[in-house]
1. Taking 7 Å along the Cα-to-C-beta vector as the label spot, tell me the residue 307-residue 285 distance in nanometres, rounded to one decimal.
2. Do you know the relative contact order of segment 165-313, to the nearest whole percent, from alpha carbon pairs under 8 angstrom that are 6+ apart?
3. Report the longest stretch of the chain that contains none of the GluC sites (Glu not before Pro) sitting in a DSSP loop with at most 11 other Cβ atoms within 10 Å.
4. What residues qualify as long-range amide H neighbours of residue 22, i.e. H under 5 Å apart, gap of 5 or more or another chain, H built at 1.01 Å from N?
5. In whole angstrom, how far apart do the alpha carbon centroids of segment 75-93 and segment 109-173 sit?
6. How far apart, in nm, are two points set 7 Å out from the Cα along the Cα-to-Cβ line at residue 23 and at residue 117?
7. Reported to two decimal places, what Rg/Rh ratio describes segment 67-218 when computed on Cα atoms with Rh from the Kirkwood expression?
8. Too long at a 32 Å Cα-Cα cut-off: which of 153/311; 130/167; 35/260; 43/278; 35/77?
Amino acid sequence: MARLGNTGIEVSKLCFGSLTLSSFQANLSVREGAKLIQYAYDKGIDFIDTAEIYENYSIIKEGIKNIPKDKYTIASKAYSYDVKTAQDSVAKAMKELSVDYLDIFLLHEQESEHTLRGHYEALEELFRLKEKGYIRSVGISTHFVNCVKASEKYKEIEIIHPILNYKGIGIQDGTREDMVSALKRRHEQGIGIYTMKALGGGHLISHQKEAMEWVLEQDFLHSTAIGMQSTEEIDYNTHLFFQGKENLSAKESIDKKERKLIVDDYCIGCGNCVRRCKQNGIEIIDGQATPNENCILCGYCATVCPDFCIKVV
Ligand code: SF4
Ligand code: SF4
């Protein structure tokens, strides 16, 4: 177990990254997804990360129905930008998860001091909701080193959910070492830190052992969210995180399926996905959306496709 900085929230070192359960990724049924969440809990994972955009609150609600609320931590996030959108996103999460408070609520995909200032009304409102007992802790998710640095100016930010992996894949404005240094400073200041994309959204699957070992060596990380979509993946990750990397032998590692972004050929080339992607991971070539090497397989572009052409498989 690890305490998320000064928040008082204790979580398992491994967090269930639930993006994989969404319709634009593994597309599991509520029953299948819920069984995985319960299975993961039985293996020691008592922390799940979700987001409004993932549209999987119904799966999580079902998955936690037999787990006492005070034994499980749910983090969600949304693109709220003012009082009303913050209130609406928190109310939606509480209603659809069927809980009377949220453990962690983050402003999703913050980029810089500028975006933090632009979203300050929402941040303030989340903090007010915390003071009223609807949220236990407030923070941000980000792919930007400069945003981690800028977060120092906001007392409301108690938790940071950054992208980090041993190759620095997906960090938008610096190197892995830049991100590590910014996060270490925030760690020393008592901020809770749990990361995403330890496997670079799937790009590091062929270096899985090194990628996981590197994450485990970073003692400023309180927890690491890893997307899982099978009992084999849960077994592998819990074994590694809870029994130590010395137990990770080639024999114990699993053949994780290479993931990729596919675009169906009925794409109309509207460009919505290109505008939505903050990684420059997709472009229009010959009238068709085409992913490139910058894509981190988050699947966010799939949520804006009018023809449902995009999937992470
Ligand atoms: S192309 Fe889509 S899946 Fe890839 S990084 Fe961009 S938004 Fe994410
Ligand atoms: S949003 Fe969908 S239809 Fe539009 S360009 Fe992208 S893949 Fe094609």
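1. 1.8
2. Relative contact order, segment 165-313: 21 percent.
3. So the longest stretch without any such site is 1-257.
4. Here 27 satisfy the definition.
5. 14
6. Going from the residue 23 label point to the residue 117 one covers 3.8 nm.
7. That ratio equals 0.99.
8. The pairs that break the limit, which is 32 Å between Cα atoms, are 153/311; 130/167; 43/278.
None of the figures in this text is laboratory data; all of them are computed from the coordinates on show. Keep in mind the model is a prediction, meaning the values are calculated, not measured. Because the Cβ atoms are built from the backbone with ideal geometry, glycine has one as well, and the counts that use them run over all protein chains shown.
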